[in-house]
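Since the structure comes first, as structure tokens, the remarks are kept for the end.
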Amino acid sequence: MTPSTLRRGSGRRPGAPGAAAAAFLALAVTAAIAIPAQAAGSTLQEAASDRGRYFGTAIAANRLSDSTYSTIANREFNMITAENEMKMDATEPNQNQFNYSQGDRILQWAQSNGKQVRGHALAWYSQQPEWMRRMEGPSLRSAMLNHVTQVATHYKGKIHSWDVVNEAFADGSSGGRRDSNLERTGSDWIEAAFRAARAADPAAKLCYNDYNIDDWSHAKTQGVYRMVRDFKQRGVPIDCVGLQSHFNPQSPVPGNYQTTIESFAALGVDVQITELDIEGSGSAQAENYRRVVQACLNVSRCTGITVWGVRDTDSWRASGTPLLFDGQGNKKAAYTAVLDTLNNGAGPGPTTPPPTTPPPTTPPPTTPPPTTPPPTGACSAALTIANSWPGGYQATVTVTAGSTGLNGWRVTLPGGVTTDNVWNGQISGSVVTNAPYNGSVGAGQSTSFGFIGQGGAPSASTLTCS
């Protein structure tokens with residue numbers, strides 16, 4: 001990295017210089033003044049470090065053998081998150097039988113390349129091992145706390161920040177908690193998880209992480225805000241809030257995004273952008289990335305940004321081309337926008353004072369979404385496995401319209417598939433239907449949805465579509 005500061009000698013020779021020496025000295029002073037005090041970073045991690053932030057990515061252990069993938073990850077990023085290898089089903093596939101092999105592989109790769117690691121995630125309603133999914137009540141509470149303690153202890157002193165609890169709040173207008181087997185063990189389960197994590201690893205920053213908490217006016221954002229405020233008031237150990245920040249044309253970067261960051265920071269916690277990806281392309285995508293990065297730079301307690309994947313083809317939303325590098329590893333316009341913003345944007349330090357009023361109490365409109373008309377037209381669906389690990393896998397299903405186009409679609413998953421985590425679609429039993437925004441597909445065109453499955457991946461690659 002180019003040195004960020006230029007050091008000049010402070011000694012002074014006695015005596016007055018001659019005319020030629022004086023002219024030379026004046027020229028040297030002029031040149032020194034013209035040289036900027038801080039050189040621009042040539043990579044994301046360099047530019048972010050100059051602004052007092054980290055810039056990270058999520059990686060999968062089974063892709064580290066891809067030289068293009070690992071080269072970009074090593075060159076550009078200084079914070080690493082394991083995509084799936086530190087989650088509950090990967091680290092405790094059988095009760096009290098822990099498997100850290102793949103998580104350790106990512107940790108060792110990161111450490112050998114001089115990077116820090118975010119831990120993701122200790123407690124979550126999804127991607128639980130099958131034995132835990134069958135549990136309820138006090139036995140589940142005990143098993144969850146044991147999991148948090150054992151995993152955090154294994155990685156003690158090696159993790160920068162843990163997503164202690166992931167996605168515990170419900171979508172919609174209630175601002176309340178998501179119904180889950182963990183929530184049914186008692187409403188204090190989140191607090192209990194944070195206390196267990198602090199006891200196991202006092203040095204790690206402890207974060208609450210969620211999606212759709214980017215917009216300050218949303219009820220879900222307000223619900224998380226109230227929980228964090230309560231935790232800080234009562235001394236529950238919480239150090240940071242993670243904004244996942246998954247954006248697309250139907251859910252763009254909100255105009256009050258910086259207000260959200262400032263509002264959480266005003267509670268005395270750091271804010272980390274933890275899973276950033278923005279569907280789109282070209283200048284529009286680049287501008288959205290610029291807005292996110294600038295908002296983080298404008299708030300001193302926004303300490304870092306992590307993009308969820310290296311290249312578009314590595315993304316869980318690959319069809320939306322949401323990342324900074326294309327499938328061949330080329331830098332996109334969005335990359336240039338991020339690098340330029342990091343090098344030229346203000347920071348650290350807020351440009352506007354944090355809000356001093358509580359979040360708005362008026363919930364968003366409760367009118368139901370428009371109904372989706374019944375499906376029309378023929379279609380086909382193909383399933384591919386994007387990633388797998390002991391006890392689970394990530395799948396992408398591509399839906400392609402026939403010659404007449406689609407106005408809604410319905411895909412039946414193979415027998416034996418078990419999932420409660422679907423994106424870009426809505427599941428009922430074994431049938432996934434389109435989301436409100438991706439039901440219209442032009443003739444010969446495609447859309448996609450994804451899901452996290454439990455157990456072994458299905459062998460069928462062609463699915464029933466109507």
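The values are calculated or read from the model by the stated rules, or taken from the named source; none is laboratory data. A quick note: this is a predicted structure, and the numbers were derived from the prediction, not measured. Positions of Cβ are generated from backbone atoms using ideal geometry, with glycine treated the same way; all protein chains shown enter the neighbour counts. What goes into the accessible areas is simple: the full protein's heavy atoms, side chains included, and nothing from ligands, DNA or RNA. Shrake-Rupley method; radii C 1.70, N 1.55, O 1.52, S 1.80 Å.
Return the residues of region 191-204 that are out of contact with any Phe, Trp or Tyr (no Cβ under 8 Å at 6 or more places or on another chain) and either open to solvent by less than 10 Å² (accessible area, probe 1.4 Å) or in a helix (DSSP H, G or I) (or both); say none if nothing qualifies. Let's see the steps before the verdict.
Going residue by residue through region 191-204, those that are out of contact with any Phe, Trp or Tyr (no Cβ under 8 Å at 6 or more places or on another chain) are 192-193, 195-196, 198-200, 202-203.
Correct list: Ala192, Ala193, Arg195, Ala196, Arg198, Ala199, Ala200.
Which ones in region 121-164 are surrounded by 20 or more Cβ atoms within 10 Å (Cβ to Cβ) and at positive phi?
Gln127
Determine whether region 184-205 contains at least one residue that is within 30 Å of Gly280 (Cβ to Cβ), at pLDDT 95 or above and out of contact with any helix residue (DSSP H, G or I) (no Cβ under 9 Å at 6 or more places or on another chain).
No: region 184-205 contains no residue that is within 30 Å of Gly280 (Cβ to Cβ), at pLDDT 95 or above and out of contact with any helix residue (DSSP H, G or I) (no Cβ under 9 Å at 6 or more places or on another chain).
Could you check region 248-263 and list, in sequence order, the residues that are modelled with pLDDT of 95 or more, out of contact with any Leu (no Cβ under 8 Å at 6 or more places or on another chain) and open to solvent by less than 30 Å² (accessible area, probe 1.4 Å)?
Scanning region 248-263 gives Val253, Pro254, Tyr257, Glu262, Ser263.
Pairs under 9 Å by beta carbon, first residue at pLDDT below 95 in region 284-298, partner assigned to a helix (DSSP H, G or I) and open to solvent by 10 Å² or more (accessible area, probe 1.4 Å), six or more apart or different chains?
Note: no pairs meet the criteria.
Checking the conditions here, which among Gly329, Gly347 is modelled with pLDDT under 95 and not aliphatic (A, V, I, L, M)?
So the residue among Gly329, Gly347 that is modelled with pLDDT under 95 and not aliphatic (A, V, I, L, M) is Gly347.
Collect the residues in region 307-321 that are in contact (Cβ under 8 Å) with a residue 40 or more places away in the chain and assigned to a loop (DSSP other than H, G, I, E, B), keeping them in residue-number order.
Within region 307-321, Trp308, Gly309, Val310, Trp316, Arg317, Thr321 meet the criteria.
Show the residue pairs that are 6+ apart or on different chains and have beta-carbon atoms under 6 Å apart, the first residue being within region 57-84 and at negative phi, the second being open to solvent by 20 Å² or more (accessible area, probe 1.4 Å) and assigned to a strand (DSSP E or B).
If the second residue must be open to solvent by 20 Å² or more (accessible area, probe 1.4 Å) and assigned to a strand (DSSP E or B), the pairs left are Met79/Gln116; Asn84/Trp389.
So how many residues does region 53-77 have that are of a type in the set (Lys, Arg) and buried (at least 22 other Cβ atoms within 10 Å of the Cβ)?
Residues meeting the conditions: 1.
Of the conditions (1) touching a residue at least 60 places away in the same chain (Cβ under 8 Å); (2) out of contact with any Ser or Thr (no Cβ under 9 Å at 6 or more places or on another chain); (3) part of a loop (DSSP other than H, G, I, E, B), Asn181 satisfies every one except a single condition; which number is it?
Here Asn181 clears every test but (1).
Looking only at region 213-237, count every residue that is buried (at least 23 other Cβ atoms within 10 Å of the Cβ), out of contact with any Leu (no Cβ under 9 Å at 6 or more places or on another chain) and either without any contact (Cβ under 8 Å) to a residue 12 or more places away in the chain or outside any helix (DSSP H, G or I) (or both) and tell me the total.
Qualifying residue count, region 213-237: 1.
Sort through Thr464, Thr419 and tell me the only one that's outside any loop (DSSP other than H, G, I, E, B) and more than 28 Å from the chain's Cα centre (by Cα).
Being outside any loop (DSSP other than H, G, I, E, B) and more than 28 Å from the chain's Cα centre (by Cα) holds for just one of Thr464, Thr419, which is Thr464.
Could you grab me the full set of residues in region 448-458 that are open to solvent by 30 Å² or more (accessible area, probe 1.4 Å) and either without any contact (Cβ under 8 Å) to a residue 40 or more places away in the chain or assigned to a strand (DSSP E or B) (or both)?
First pass over region 448-458, keeping only residues open to solvent by 30 Å² or more (accessible area, probe 1.4 Å): 455-457.
Within region 448-458, no residue meets the criteria.
I'd like to know if region 89-110 contains one or more residues that are within 25 Å of Asn343 (Cα to Cα) and open to solvent by less than 10 Å² (accessible area, probe 1.4 Å).
The answer is yes, given that some residue of region 89-110 is within 25 Å of Asn343 (Cα to Cα) and open to solvent by less than 10 Å² (accessible area, probe 1.4 Å).
Counting only residues that are at negative phi and either charged (D, E, K, R) or open to solvent by less than 20 Å² (accessible area, probe 1.4 Å) (or both), how many does region 307-336 have?
Number satisfying all stated conditions: 17.
Which members of region 62-108 meet the condition of being part of a loop (DSSP other than H, G, I, E, B) and of a type in the set (S, T, N, Q)?
Ser65, Asn78, Asn84, Gln95, Asn96, Asn99
Scanning for something of a type in the set (S, T, N, Q), free of Cβ contacts under 8 Å to residues at least 60 places away in the same chain and either part of a loop (DSSP other than H, G, I, E, B) or under 28 Å from Gly320 (Cα atoms) (or both), does region 252-262 turn up at least one residue? Steps first, answer last, please.
The initial filter retains those residues of region 252-262 that are of a type in the set (S, T, N, Q), namely 256, 258-260.
When the remaining residues are screened for being free of Cβ contacts under 8 Å to residues at least 60 places away in the same chain, the result is 256, 260.
Then drop every residue that is not either part of a loop (DSSP other than H, G, I, E, B) or under 28 Å from Gly320 (Cα atoms) (or both), which leaves 256, 260.
Checking region 252-262: at least one residue is of a type in the set (S, T, N, Q), free of Cβ contacts under 8 Å to residues at least 60 places away in the same chain and either part of a loop (DSSP other than H, G, I, E, B) or under 28 Å from Gly320 (Cα atoms) (or both).
Is there a residue in region 205-212 that is open to solvent by 10 Å² or more (accessible area, probe 1.4 Å), without any contact (Cβ under 8 Å) to a residue 60 or more places away in the chain and either within 21 Å of Phe264 (Cβ to Cβ) or touching a Lys or Arg at 6+ places or on another chain (Cβ under 6 Å) (or both)?
Yes, that holds for at least one residue.
Please pick out the residue among Ala47, Ala22 that is in a helix (DSSP H, G or I), modelled with pLDDT of 50 or more, open to solvent by less than 80 Å² (accessible area, probe 1.4 Å) and among the hydrophobic types (A, V, I, L, M, F, W, C).
Values: Ala22 fails: modelled with pLDDT of 50 or more.
Result of the check over Ala47, Ala22: Ala47.
How many residues are part of a strand (DSSP E or B) and either open to solvent by 20 Å² or more (accessible area, probe 1.4 Å) or aromatic (Phe, Trp, Tyr) (or both) when one looks only at region 270-306?
Pass one, region 270-306, residues part of a strand (DSSP E or B): 270-278, 302-306.
From what's left, either open to solvent by 20 Å² or more (accessible area, probe 1.4 Å) or aromatic (Phe, Trp, Tyr) (or both): 303.
Number satisfying all stated conditions: 1.
For residues that are within 13 Å of Met227 (Cα to Cα) and surrounded by 15 or more Cβ atoms within 10 Å (Cβ to Cβ), tally how many sit in region 177-190. Break it down stepwise before answering.
Going residue by residue through region 177-190, those that are within 13 Å of Met227 (Cα to Cα) are 177, 187-190.
The next check asks that each one be surrounded by 15 or more Cβ atoms within 10 Å (Cβ to Cβ); those that pass are 177, 189-190.
Total satisfying the criteria: 3.
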